[in-house]
Amino acid sequence: MAEKRMFTQKIVDSDAFLDMPLTTQALYFHLNMRADDDGFINNPKKIQRMIGASEDDLKLLIAKRFVICFENGVIVIKHWRMHNTLRKDRYNPTTYQDQYAMLEVKENNAYTEKENGNHLATTWQPDDNQNGNHLATQYSIDKYSIDQYKYIVQLLNEKAGTKYKHTSKKTQTCIHARLAEGYSVDDFKTVIEKKCADWIGTDLEKFLRPETLFGTKFESYLNAKVTKKKSVNTGIPEGDDQSELDDLF
């Protein structure tokens, strides 16, 4: 395995990367430094603990799709091939071939999960004539990660004291629809925090659920201000009439 690693400014200078806490950014760099020549790491939690990062730092990297996580705990750096190029004589294939077979590479050279099991296996070979790498077969199909659903629902459960499952079809449909509209994981976090601040302890607390928060009113929740006082009797924010509230749900 090569001992030197590279990073592209296209990723580490992006707003998505720089908006993360410094501890999360540091964890990303350390994971990259210890990845094998295909970008796989089998001990991300050990590295996280070793540098003093938190579990939330690792969860955030997964939720924001800077790393892809497999069921056995192995992760892969999503933009590994954008960061690194290796000569053939220095390249050692990953030992995690089962996980490798679950991936394909997009046109921008980033890893993504295969949409289903019917894809041809992609095989990567270092180029004999240059210091780069390529795929014999490439696919541009992308999808949202189960880790994004898991992170969002876990955040809701922690903030609202609920026990929703990220595997629920209805919940995944709501989250997928908003992600497809271009909303980020941070937007989901904002909506959850705002509505928990507004509704916990009121009659509206029962509506702290995925189909309400992540439904068609998502944009209005995202842009709402958390400044309204609750009515003593009903918990309904002052200034909203009942017909508008009925329309929310």
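Only one of the listed residues (Ile51, Ile68, Ile11, Ile47) is of a type in the set (Val, Ile, Thr) and surrounded by 21 or more Cβ atoms within 10 Å (Cβ to Cβ). That residue is Ile68. Just one of the listed residues (Lys163, Lys159, Lys169) is modelled with pLDDT of 85 or more and out of contact with any helix residue (DSSP H, G or I) (no Cβ under 7 Å at 6 or more places or on another chain), namely Lys169.
Checking each residue in segment 143-160 for being surrounded by 14 or more Cβ atoms within 10 Å (Cβ to Cβ), without any contact (Cβ under 8 Å) to a residue 60 or more places away in the chain and in a loop (DSSP other than H, G, I, E, B) picks out only Tyr144. Just for segment 181-216: of the residues that are of a type in the set (Gly, Ala, Ser) and over 17 Å from Tyr151 (Cα atoms), which one is nearest to the chain's Cα centre (by Cα)? Only one residue fits best here, namely Gly182.
Condition (residue is surrounded by 13 or more Cβ atoms within 10 Å (Cβ to Cβ), touching a Pro at 6+ places or on another chain (Cβ under 8 Å), acidic (Asp, Glu) and modelled with pLDDT of 80 or more) applied to segment 102-111: is it met by at least one residue? Give the steps one after another, and end with the answer.
Pass one, segment 102-111, residues surrounded by 13 or more Cβ atoms within 10 Å (Cβ to Cβ): 102-106, 109-111.
Applying the additional criterion that residues be touching a Pro at 6+ places or on another chain (Cβ under 8 Å) yields none.
Checking segment 102-111: not a single residue is surrounded by 13 or more Cβ atoms within 10 Å (Cβ to Cβ), touching a Pro at 6+ places or on another chain (Cβ under 8 Å), acidic (Asp, Glu) and modelled with pLDDT of 80 or more.
The values are calculated or read from the model by the stated rules, or taken from the named source; none is laboratory data. All figures in this text were calculated on a predicted structure; none of them were measured in a lab. Because the Cβ atoms are built from the backbone with ideal geometry, glycine has one as well, and the counts that use them run over all protein chains shown.
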